[in-house]
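The values are calculated or read from the model by the stated rules, or taken from the named source; none is laboratory data. These figures come from a predicted structure and were not determined experimentally. No Cβ is skipped: glycine too gets one built from the backbone with ideal geometry, and neighbour counts run over all protein chains shown. Accessible surface is based on the protein model in full, side chains and every heavy atom, while ligands, DNA and RNA are left aside. Shrake-Rupley method; radii C 1.70, N 1.55, O 1.52, S 1.80 Å.
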Amino acid sequence: MRPEVIVFLIFLLVYFVATTLLRRYYEVKVEMLYATGLFDDCFDTLNKLLPRILFPTYKQYQWRFMVHDARGERELATRMIELMLRMRSSKKRLAQTVALAFNYYVSIEDKKRAKELLQQAKGLCDESVVKDMQLTYDIMLGNRHDCIERMEELVDTAAPEARAKLYMLIAKQYRNAGNREKARYYEGLLKQFIAENSMPRPKGAQAEGKPGEPSETADGK
């Protein structure tokens, strides 16, 4: 093999390893900043030259959407999530984006847009995901409150993110049922659980502190 070919191949290998390591470094950094609530630092990192080069456009939009959403910048968050929905994507990624957008619109109580995305999800997402989205819609934007006992049974064995979502859905159901005392109790559990686990609020959270979409539903799935 000619020397210049060997040099070129070595260069390609070094370039691939270096970009992979740098991309992972910035991913971890942004994740840590986001998880600890340092949203301005998230943007400072995302706006640097290397992250803008290393991260695909979709990933950049996703992070910016999450930070705008966490900072309560509704107009900017909405712009980002709509850009993500309009991007050319694989069916799998589009399904993930639709689910993410649905939870966001539930969180800002945009019933019309949430319903449109729920209908879109029926042709894209797995049946279990659609079922969870429908349940979330019925509880958070409707008046459903018939799943309290079954959800309470799931709380202790649920994974952290699922537990946060269950606390939210239980709290909202108690509000739907007119039991404000129990609603405040579960809202308090949610707030405490999030603080103790250094995690952002689950998507679907309302202004009163009640998040989004369960991964474990009334059917126990």
So, ARG150, is that one at pLDDT below 95, basic (Lys, Arg) and surrounded by fewer than 17 Cβ atoms within 10 Å (Cβ to Cβ) or not? yes
Which of the residues spanning the stretch 163-181 are part of a helix (DSSP H, G or I) and surrounded by fewer than 16 Cβ atoms within 10 Å (Cβ to Cβ)? ARG180, GLU181
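Answer yes or no: is there a residue in the stretch 70-83 that is closer than 23 Å to ALA101 by Cβ and touching a residue at least 60 places away in the same chain (Cβ under 8 Å).
Taking every residue of the stretch 70-83 in turn, at least one turns out to be closer than 23 Å to ALA101 by Cβ and touching a residue at least 60 places away in the same chain (Cβ under 8 Å).
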Failed condition for ARG79, given (1) at pLDDT below 90; (2) open to solvent by 90 Å² or more (accessible area, probe 1.4 Å); (3) of a type in the set (Lys, Arg): (1)
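Go through the residues of the stretch 94-108 one by one and say whether even a single one is surrounded by fewer than 14 Cβ atoms within 10 Å (Cβ to Cβ) and modelled with pLDDT under 95. Before you say what the answer is, go through the steps one by one.
We begin by selecting, within the stretch 94-108, every residue surrounded by fewer than 14 Cβ atoms within 10 Å (Cβ to Cβ); these are none.
Checking the stretch 94-108: not a single residue is surrounded by fewer than 14 Cβ atoms within 10 Å (Cβ to Cβ) and modelled with pLDDT under 95.
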Output the residues belonging to the stretch 138-162 that are within 24 Å of GLN119 (Cβ to Cβ) and part of a loop (DSSP other than H, G, I, E, B). LEU141, GLY142, ASN143, ARG144, HIS145, ASP146, CYS147
Number of positions in the stretch 107-153 that are of a type in the set (A, V, I, L, M) and more than 20 Å from ASN176 (Cα to Cα): 6
Counting only residues that are under 21 Å from the mean Cα position of the chain (by Cα) and farther than 22 Å from THR97 by Cα, the stretch 45-68 contains a total of 1
